[in-house]
């Protein structure tokens with residue numbers, strides 16, 4: 001029998017046993033995917049490291065979503081500046097800024113929707 005006294009705390013934290021049942025097809029799929037890992041190691045790794053699981057997003061994903069939201073916001077700011085400057089120049093040249101405004105009115109809601117969807121994932 002193994003002596004667990006040296007690492008008793010680590011042993012006790014992994015003392016819980018979970019039984020899973022799979023169909024033959026599911027089992028074969030898992031065996032193909034697990035590679036050199038044991039079935040236990042593969043299932044533990046898969047459950048604890050999935051990107052979107054019942055535990056939520058990983059910290060790495062959250063950082064990605066934050067940086068993406070920030071980039072999208074910056075892009076939105078740039079578009080607003082472009083629109084403003086374009087309107088100013090169009091008016092100076094005696095043109096109609098409405099054509100530019102129509103295109104931006106079509107694009108800006110899409111950008112803002114992306115920003116909102118990204119922020120929801122944080």
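The values are calculated or read from the model by the stated rules, or taken from the named source; none is laboratory data. Since we're looking at a predicted model, the values are computed, not measured. We place every Cβ from the backbone using ideal geometry, glycine too, and count neighbours over all the protein chains shown.
Of all the residues in segment 66-83, those that are at pLDDT 80 or above and surrounded by 12 or more Cβ atoms within 10 Å (Cβ to Cβ) number 12.
For the structure I just gave you, tell me whether residue 96 is at pLDDT below 85, in contact with a helix residue (DSSP H, G or I) (Cβ under 9 Å, 6 or more places away or on another chain) and assigned to a loop (DSSP other than H, G, I, E, B).
yes
Taken as a whole, the condition of being surrounded by fewer than 11 Cβ atoms within 10 Å (Cβ to Cβ) and either within 30 Å of residue 120 (Cα to Cα) or at pLDDT 80 or above (or both) applies to residue 38.
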